[in-house]
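Before any comments, here is the structure.
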């Protein structure tokens, strides 16, 4: 179930990678509507990484909250696990383990807050703060 309010979007969902593309499209559309298209790619990357952590470590239900702030947007993912995410130096030969490292590079700030039912992990994205630019799709590495 999704609820939209003034510059706030909340969605209850199961963190299923098969649904991540739909979530990314929804968040991008919301950010464009808010005039925040310049930070959409970074915000969507952060949301995807937070949801992937829920899928990998809790396997289930969560709440995604997107809120506009005076300086950008804040994404919060609430789940039922009390264990905080950890940032590791990436092993570039591994297929996983880079999510929170990527998020920490792209987000202006991020953190964790314990809740009675688990935790909230949040990331704040602001313009010009290590903006993520998605690949152009031409198959060439950026120079």
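So which strands (runs of 3 or more DSSP E) stay within the range 39-143 end to end and still have 2 or more residues that are exposed (fewer than 14 other Cβ atoms within 10 Å of the Cβ) and at pLDDT 95 or above?
109-115
Considering only the range 99-126, state which residues are in contact (Cβ under 8 Å) with a residue 60 or more places away in the chain and under 18 Å from residue 10 (Cα atoms).
Matches in the range 99-126: 118, 121, 123, 125.
If residue 66 passes every condition in (1) touching a helix residue (DSSP H, G or I) at 6+ places or on another chain (Cβ under 9 Å); (2) in contact (Cβ under 8 Å) with a residue 60 or more places away in the chain but one, which one does it miss?
In the conditions (1) touching a helix residue (DSSP H, G or I) at 6+ places or on another chain (Cβ under 9 Å); (2) in contact (Cβ under 8 Å) with a residue 60 or more places away in the chain, residue 66 misses (2) alone.
The values are calculated or read from the model by the stated rules, or taken from the named source; none is laboratory data. Only a predicted model underlies this, so the values are computations on that prediction, with no experimental measurement involved. Every residue, glycine among them, receives a Cβ derived from its backbone with ideal geometry; neighbour counts consider all protein chains shown.
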